1. Treating only the Cα positions of the stretch 49-119 as identical point scatterers, give the base-10 log of I(q)/I(0) from the Debye formula at each q in 0.20, 0.22 Å⁻¹.
2. Only bridges whose two residues both fall in the chain count here: according to DSSP, what percent of them are antiparallel, nearest 5?
3. Can you name the helices of the chain, as whole DSSP H runs, whose Cα span along the helix axis is 27 Å or more and whose Kyte-Doolittle mean is not below 1.0?
4. Suppose only helical runs count, i.e. DSSP H with n ≥ 4. What mean residue ellipticity at 222 nm does that imply for the chain under -39500 (n - 2.57) per run, divided by all residues and rounded to the nearest 500 deg cm²/dmol?
5. Top mean-square fluctuation among 85, 32, 214, Gaussian network model of the chain, C-alpha springs under 10 Å?
6. Quote the FRET efficiency, to the nearest 0.05, computed for residue 93 versus residue 58 with a Förster distance R0 of 22 Å and r equal to the Cβ-Cβ distance.
7. Given a 10 angstrom Cα cut-off, can you work out which residue in 263, 12, 43 is the most mobile in a GNM of the chain?
8. What is the pair-distance distribution P(r) of the stretch 4-159, computed from all Cα-Cα distances in 5 Å bins starting at 0, with each bin given as a whole percent?
Amino acid sequence: MLLTDEYIADSIREVQELFEDPENVGYDGNEQFLIGDAYWKEIAPRESLLDMIVRNYADPNVSVGYSAMTDLDVSDGTDFYQARQDKIEKILNDASKELSDEEKAYWREMNSKVREPFRYGYYGGWEVLISAFELLMFPILAVCIVLAPVFSGEYQAGTDAVILSGKYGKTRLVTAKLVAALLFGGMAFTLHVMVAFGIPLAAFGADGWNLPLQINGTTVPYPLTFLEGTLVNLGVIYLVLTAMIGLTLFLSAKMRSPYLVLIVVMPVLFLPMFLSANGTAGIYNLFVFLTPYRSLMPNFGSYLSYQFGPVVLDAFTARAVVYGALTLLLPPLARAGFKKHQVA
């Protein structure tokens, strides 16, 4: 179903007509709402759609429901997509976001690629997935726990002397251990992802994979479908995983006990859960959104960007750069650390 201006105007008028009949209206002391058949037959089957439509006309960060449609003037029709652009401009010009002219231009350019009119449909399964990405932190932790003894376990068992004194102990064997750790971590995590994605999609259905993210929030700037958005964020999560594997291997090569490795890794993974961002601007907030835990959360609706001179990066790109660099840096450091280990 295409959300044309004509369809949206007709939907608003229908709701307004329902409110004009006093028998359809209830009041809880704060706001009016529809009751009886007017609600269950006319509103309930499409309440999510109606709420999405009316929120497009509200100010940023203001939550409203279908009952707010009574305040909209559609006597001359409605320009839903112009209202969307106006709301985006309010977001970009919000002083608290402290966006530079380059950042505003970046987000305007990205928004210009969003296709209109939106295509609407059921997307319940994908909505569940998007809201639960941070739970993948637990399989990442599980992988790190299993890999913590890769090198430090050799120190505890005393087999480091045997390995390092062998012909290929400091070359091929070390490389093989690193490759095996990365392969195991990737495969184990993929198994978790398949289960974590398969259950909600089986329960709620995979319908809506090709619908735009904007139907879950009209000001979302990314021109992606639910499937594309999920894959983009999942790609970032895999980079976080490989970076954390690299950090675990590096610490394992430097420390004599797997427990000491986990004492460092666990706070890195979970301490950011207790760091609350108070906006999207400032060094503190930008840092928080780059921590492993926060990097699992897509934040599709946030105009979160990182500027380096004239270069502007959105959150996904910035996270990919940071964790991609760590992925390339940490395994070689782990390899060098084990090679230089002095046998007791």
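1. -0.95, -1.07
2. On the way: 9 of 10 bridges.
Counting only bridges with both partners in the chain, antiparallel ones make up about 90 percent.
3. Working: long enough: 172-204 (48 Å, 1.69); 226-254 (42 Å, 1.61); 315-339 (36 Å, 0.97).
Passing helices, by number: 172-204, 226-254.
4. Details: 15 runs with 200 residues, N = 344.
For the chain, the value works out to -18500 deg cm²/dmol.
5. 32
6. Working: r = 17 Å, r/R0 = 0.76.
The computed FRET efficiency comes out at 0.85.
7. In this elastic network of the chain, the residue with the biggest mean-square fluctuation among 263, 12, 43 is 263.
8. Result returned by the calculation: 1, 7, 12, 13, 13, 12, 10, 7, 6, 5, 3, 3, 3, 2, 1, 1, 0.
The values are calculated or read from the model by the stated rules, or taken from the named source; none is laboratory data. On a predicted model such as this, the values are computed, not experimentally measured, just so you know. Note: ideal-geometry Cβ built from the backbone for every residue, glycine included; neighbour counts use all protein chains shown. SASA here: full protein model, heavy atoms, side chains in, ligands and nucleic acids out. Shrake-Rupley method; radii C 1.70, N 1.55, O 1.52, S 1.80 Å.
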